[in-house]
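Where a number appears in this text, it was derived from the coordinates with a stated rule and is not lab data. These numbers come from a predicted model, not from an experiment. Here the Cβ positions follow ideal geometry from the backbone for every residue, glycine too, while neighbour counts run over all protein chains shown.
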Amino acid sequence: MQKLWRRYWHGSDLGAILVLISISVGMFWKITLTNQYTWLNSPDFSQQVAPWFQFQAREWHHHRFPLWDPYHWAGQPLIGQMQPGAMYPLNWLVFLAPLRDGFISIVLLHWYMVVIHFMAALFCYKLCRDLDRSRAASVLAGVVYGLGGWMGTTEWPQMLNGAVWAPPVLMFFLRMLRGHKPVLNSALSGACLGLAFLSGHHQIPIYLTLLMAALWIRVLVVRDLRLDQAAKLAALFGVLLILVGAAQLLPAREYGQLALRWVGAQNPVGWNDPVPYPVHNMYSLGPVSILGIVVPGIHLNVNPFIELTAITLAIIGVFLAWSSAYVRLFTYIGIGALLFSLGGASVFHGIIYSLVPWVEKARSPAMAILGFHLAVAVLASFGVDELVGAHQLPATLSRLITWGPLAFGITLYVMLGATFFSQGEKVYYQIRPAAVAFTAVLLSIVMAGWIHRKLGRAGVTSCFVLLVMLELSNVTTYSYTSREQGWNLVDPMYRNTDIVRFLKQQQQPIRVGIDRTAVPFNFGDWFGIEEFEGFCGLTAKIYAANWMKDTHLLMGEQFWVASKPQRRNSNWYFKGRAGSTSTRTRMPFRESGRFTVLWPSKISPRLSRD
């Protein structure tokens, strides 16, 4: 282990790693240094992701590997759905952590999010170090990729976990291309891509596979290696990809052939049905969103914002280090990813959608902006090193990097001024564009200070990192909800354990029905009580049976959890008080039908029988 550490992480990298840890904790101060905010208070995370994690954590603590979820739709294969991330090793550590009153800890989930971003920053740092970039430049690249851009504005952990592995996939591939232990590094590159497929979502891994396929085709066509050697290494890459990812890919493929998927089309699609192109067009980035690369808030579907500081440094890297094959490679990757993310506005996306298998399964072309952001991060590291290493910059470039950001900042301020005169006090809500304008002015000052030798190398690189953090502070964690605003989706999940106790005291087994207006989250996974419906994967046969008469009774649905009775003649049978012992109202009831658990305002459930 010590030899492995020395081989891949030099002792002098330890300081940079500590810096990345500190910056990661600082950028996520809302959930690391206070208990006032959460990323969970949104429908997808509170209603689906958190219950998935809760179920898996409960299974791990009962010494069971969670392959099958019995709590929704009469049971569905958890591993086949991919998104729960049942096969992802990092998730196992989260599930094994101590529970709090039987529930997975919100604090733990907060730190889990920080760890994901730190891993992405660390891997990007290592990629840049592998490309002979300085530690300071590599730290900046790690911050740009891991804490900003797509990584900083995306909150689905199953998607983030896949994107974490993009830098090591490319790092090992480029090592192989350099002739450094080609067999080992080709295998490691494929294995890392396989890990991306274990993460929990197919979209980013599919796009990353598409990128790697293009790179391997280039290797075979351009003959960077002997044809026979390149073919063998490509085959090895593919074998490791399949072997590592098989634990998730094979169950997902088998389940996918039986399941339906709601993609935003008029009807759900099956495995053999391509996701209609209008859906891809709907979830495209769109040309107007390109403005959002430097002005936060202008975007469709996915936020493409990447810091002005990073964009400026990337441009410098392209101009001053174009002779480097790595600079050219990442420039092409960035341009290709940007064009692909435009989706329906780009003919290139349509051609790839039509010809390349599986690409149609990834319905959101806008997500491919991740490749552009990774390219910008790497190119920015080249820009930093070229800038601080140059004895004298070309006059045109000096003027551009000094006056360009200033002009951009002044333009934004003028637009904000016009907003003030046209909309009055509404201008004060334009915080993010104003922050970018302020950063642009500061960047111009830093560039002038370096060109006129008022700042040293350490000073200017430190300023670049601080400017990136300043820009990210108005984007990363921007959507986190504070307790002052109210955790209207999270707090109800922890109330009314009395009704759960009552249900668990009944003669087992039982199954409940849910009124989604009263209980929007996956009640079954969260509390460990079977319900018939839920937000999760669903096989076509169960979906068809759901619309048949008396299916719910046939499936043994004995209780109805709702805010009002299912039928007009329902009588109250049980009433619970949030956070207290449940009480029962004795009433006559028929021997047929099913109970109704009522969940009125203030979340105080009752139970009746029709």
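Brief remarks follow.
- Our note on the geometry: Cα centres of region 69-98 and region 426-476, 42 Å apart.
- In the chain, the calculated helix contribution to ellipticity at 222 nm averages -17500 deg cm²/dmol per residue, counting -39,500 (n - 2.57) for every DSSP H run with n ≥ 4.
- Pairs of lysine residues in the chain that meet both criteria, 8 or more places apart or on different chains and Cα atoms under 18 Å apart, total 9.
- Charge-dipole axis of the chain as Lys and Arg at +1 and Asp and Glu at -1 on Cβ define it, positive-most pick from H63, I369, A390: H63
- Expressed to the nearest 5 percent, the antiparallel share of DSSP beta bridges inside the chain is 65 percent.
- Assuming charge only on the beta carbon of Lys and Arg (+1) and of Asp and Glu (-1), the dipole of region 457-509 about its Cα centre is about 200 debye to the nearest 20.
- Between N272 and L96, the modelled label-to-label distance comes to 4.3 nm, taking each label 7 Å out from Cα in the direction of the beta carbon.
- Percent of Cα-Cα distances greater than 18 Å, calculated over region 354-402: 56
- Note that region 90-101 has calculated 3J(HN,Hα) couplings of 4, 5, 4, 5, 5, 5, 7, 5, x, 7, 10, 6 Hz, one per residue in order, obtained from phi through the Karplus relation 6.51 cos²θ - 1.76 cosθ + 1.60 (θ = phi - 60°); glycine and proline are x.
- Gyration tensor analysis over the Cα atoms of region 262-348 returns equivalent ellipsoid semi-axes of 32, 17, 9 Å (largest first, whole Å).
- Evaluated at q = 0.11 Å⁻¹, the base-10 log of the normalised Debye intensity for region 1-126, with identical point scatterers placed on the Cα atoms, takes the values -0.50.
- Ranking M493, T477, P182 by how far each Cα lies toward the positive end of the dipole of the chain (charges on Cβ) leaves M493 at the top.
- Charge dipole (Cα centre; +1 on Lys/Arg Cβ, -1 on Asp/Glu Cβ; no other charges) of region 437-555 amounts to roughly 540 debye.
- Rounded to whole Hz, the Karplus (6.51, -1.76, 1.60) HN-Hα couplings of region 376-381, x for glycine and proline: 4, 4, 5, 5, 5, 5
- Every Cα-Cα pair of region 393-454 was included, and the share exceeding 18 Å stands at 43 percent.
- Signed unit charges on C-beta, dipole axis of the chain, positive-most listed residue V139, Q248, L553: L553
- Relative contact order %, the chain, counting alpha carbon pairs below 8 Å whose residues are six or more apart: 16
- For region 422-503, trypsin sites (Lys or Arg not before Pro) are listed when DSSP marks them as loop and at most 10 other Cβ atoms sit within 10 Å of their Cβ; the list is R453.
- Calculation over all alpha carbon pairs of the chain in 10 angstrom steps from 0 returns a P(r) of 3, 15, 24, 24, 17, 10, 5, 2, 0, 0 percent.
- Distances between placed amide hydrogens fall under 5 Å for D69 paired with Q76, L78, all partners being 5 or more residues away or on another chain.
- Computing Rg and the Kirkwood Rh from the Cα coordinates of region 378-527 gives a ratio, Rg/Rh, of 1.29.
- Once the mean of 1/r is taken over each pair of separate Cα atoms and inverted, region 2-268 shows a Kirkwood hydrodynamic radius of 20.0 Å.
- For region 403-471, chymotrypsin sites (Phe, Trp or Tyr not before Pro) are listed when DSSP marks them as loop and at most 16 other Cβ atoms sit within 10 Å of their Cβ; the list is empty.
- Based on Cα contacts under 8 Å between residues 6+ apart, region 192-286 shows a relative contact order of 26 percent.
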